[in-house]
């Protein structure tokens with residue numbers, strides 16, 4: 001063979017558009033395989049780590065809310081231990097007076113006098129419905145939405161799903 005001419009096998013590959021050699025060497029393929037295996041192995045612990053971080057943040061939020069609520073209740077408890085506060089509450093809420101005092105309740109035009117109880121029509125069961133639907137209707141009507149309930153605690157954090165469950 002001459003030095004200037006390509007071999008016939010090599011020339012045939014170049015003409016047919018075939019690649020000259022392997023695109024990825026064996027070492028690069030092995031390294032790529034190791035990287036894929038490492039990513040697969042580390043994906044589950046990384047997901048658990050992220051999930052646990054979220055759960056910890058939720059629990060810390062709950063602890064902060066409960067700590068604040070405990071401080072509020074302790075302050076209210078300390079106020080109720082004071083006899084002067086108890087007397088002031090009895091005077092304002094229950095209109096109590098000391099012996100010898102005369103109690104007055106001043107009604108102004110701006111102040112609205114609360115009605116005793118608003119009358120509601122009698123609950124009747126729809127035609128063909130059982131009798132307990134009328135009872136349930138009266139229970140539903142008795143609900144008073146204006147009564148203030150204590151503030152609700154944040155929803156408890158859900159347990160993190162574990163691998164294999």
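Of note:
- Test for residue 89: is it assigned to a helix (DSSP H, G or I), more than 30 Å from residue 41 (Cα to Cα), modelled with pLDDT under 95 and touching a helix residue (DSSP H, G or I) at 6+ places or on another chain (Cβ under 9 Å): yes
- Odd one out for residue 42 among (1) within 20 Å of residue 157 (Cβ to Cβ); (2) without any contact (Cβ under 8 Å) to a residue 24 or more places away in the chain: (1)
- Exclusive hit being surrounded by 10 or more Cβ atoms within 10 Å (Cβ to Cβ), part of a loop (DSSP other than H, G, I, E, B), out of contact with any helix residue (DSSP H, G or I) (no Cβ under 6 Å at 6 or more places or on another chain) and at pLDDT below 90, set 6, 19: 6
- One residue alone among 71, 64 is loosely packed, with under 11 Cβ neighbours inside 10 Å and either at positive phi or assigned to a helix (DSSP H, G or I) (or both), and that residue is 71.
- Any hit, region 95-115, residues being in a helix (DSSP H, G or I), at pLDDT 85 or above and either out of contact with any strand residue (DSSP E or B) (no Cβ under 6 Å at 6 or more places or on another chain) or within 30 Å of residue 139 (Cβ to Cβ) (or both): no
The values are calculated or read from the model by the stated rules, or taken from the named source; none is laboratory data. Predicted model, so just to flag it, every value in this text is computed and none were measured. As a convention, Cβ positions derive from the backbone with ideal geometry for all residues, glycine included, and neighbour counts pool all protein chains shown.
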